[in-house]
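Remarks on the structure that follows.
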Amino acid sequence: CPLGPALLFVKTSQGKEEGRRFYACSACRDRKDCNFFQWEDEKVSETRLAAREEYNRNHQPSFTHRQNVERYCYQLLLPAEWETHSDHQFLCDISTAQLKSPSQLLHPLENKKTNAQYLFADRSCEFLLDLIIDLGFRRVLSVGTPRLHEMIQSKASQEEEFRVRSLLLDIDFRYSQFYTEDEFCHYNMFNHYFFGGEAAHETCRKFLYQDNGERIIMVTDPPFGGLVEALASSFKKLMAMWQEAEKEGHNNQEMPMFWIFPYFFESRILEFFPSFSMMDYQVDYDNHALYKHGKTGRRQSPVRIFTNLTPSTIVLPVEEGYRFCAICQRYVSSGNQHCEICNSCTSKDGRRWKHCVLCKKCVKPSWFHCNNCNCCALQNHSCEKTDAGCFVCGKAGHKRSTCPSLSHT
């Protein structure tokens, strides 16, 4: 499809496959955004293949990356093109400072099922960059993090002593108007697809090669509605590229990584990356009404940093209420109290959780043990005891969203 290779999907019901397997767009969950659909066992005619190729060509950006870079030397919209855009909103007299901050100049793409372009607030962006520098990294592979990339680029152009470099991989081709081919690659993180072909793949590979011992870290902020399995597959391929570029010196280690994602996906991320752990730091966004730091309960940001770095090395700001737990050997939020029974700081959402002896684990403070359901839940929950178990595999003890079988379908 226009966004590269499709993914293979299958419908399941009670652990059994339902119907035929089919291919659909890797990035778009809504058919209105991309209507690609093909049965796995379907034979496609030459005529239909030709029509599909023509459709894909017609739905690519009007200009190549290089053409966009050349146009940028003059202006983003050439005078001869103004009349065609007469019904659109214009932004004139764009300053050099604005051109250095494209994420603030462009309207974010906020389709939750496709782009979900929520941008880091300055607080989170500055924290991430300071942390990266303090940890000794000098190169950042920015996968879907345009605001972090532009902050690095801006500092590099203004501060002579600033030594950090960044390569942005993003599905939003509009950034090709602002960054050269060695600063930006048009990339789909759901299928590890470089739209620029082998040339873009080589740009990424070269960047991953740690010249002069410069350490590199991958920072990624995927759309929260994206498939964790597809994302994990792409990230593992980027890690493999790093290992291949290094060949020597990595000792079969994983490429250092920050995966920024909501805390309720913890079990899914750990399923694919067992070496990862979740930090308590709340990541917040400029253009998201709810994902804001400092709010309480359900209105605080649920977004966290998952990393394969040693937790004790991730220093969180004390002025924001984070403290170091000597037993867990990591920084935790002020409300995250150490449970002596679990022997861990168990809170996931910033509030102080309580231990349930019957569940043998800590639960949210608003939950109570239900003898009928044999687990903790909200006091006014709909109590419907059933032996059906998980919708996917039929087994008890977990929900569909955390079913281990999902990783094999």
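What is the percent carbon and sulfur in the accessible area of the stretch 7-59, measuring with a 1.4 Å probe over the protein chains and ignoring ligands?
47
Assign unit charges at the C-beta atoms only (+1 for Lys and Arg, -1 for Asp and Glu), then state the dipole size of the stretch 7-59 relative to its Cα centre in Debye, rounded to the nearest 20.
140
Sorted by accessible area with a 1.4 angstrom probe, largest first, how do Leu378, Leu141 fall?
From most exposed to least exposed: Leu378, Leu141.
Could you sort Tyr193, Tyr179 by accessible area so the largest value comes first, with the probe set to 1.4 Å?
Tyr193, Tyr179
Tell me, what is the 1.4 Å probe accessible area of His59, in Å² to the nearest 10?
100
For labels at Leu8 and Glu319 in the simple 7 Å Cα→Cβ model, what's the distance in nm?
Taking the two extended label points, one gets 5.3 nm.
Just how much of Phe306 is accessible, in Å², when a 1.4 Å probe is used and the result is rounded to the nearest 10?
Surface open to solvent at Phe306 totals about 0 Å².
Hey, rough spin-label estimate for Glu161 and Ile133, points 7 angstrom out along Cα→Cβ, what's it come to in nanometres?
A separation of 0.9 nm, rounded to one decimal place.
Considering only protein heavy atoms, with the full assembly of protein chains and a 1.4 angstrom probe, order Trp39, Trp242 by accessible area, largest first.
Largest to smallest exposure gives the sequence Trp39, Trp242.
Once the dipole of the stretch 181-249 is set up with Lys and Arg at +1 and Asp and Glu at -1 on Cβ about the Cα centre, which of Phe194, Ala230, Gln243 lies farthest towards its positive end?
Selected residue: Ala230.
Could you state the accessible area per residue of the stretch 20-61 in Å², with a 1.4 Å probe and every protein chain left in place?
72
Compute the normalised compactness of the stretch 193-282: alpha-carbon radius of gyration over 2.2 N^0.38 Å, N being the residue count.
The reported ratio for this selection is 1.16.
Kindly state, as a whole number, the per residue volume in cubic angstrom of the convex hull around the alpha carbon atoms of the stretch 7-59.
Here the figure is 90 Å³ per residue.
The values are calculated or read from the model by the stated rules, or taken from the named source; none is laboratory data. Treat the numbers as computed from the prediction; the structure is a model and nothing was measured. No Cβ is skipped: glycine too gets one built from the backbone with ideal geometry, and neighbour counts run over all protein chains shown. The accessibility values were calculated without ligands, DNA or RNA, using every heavy atom of the protein model including side chains. Shrake-Rupley method; radii C 1.70, N 1.55, O 1.52, S 1.80 Å.
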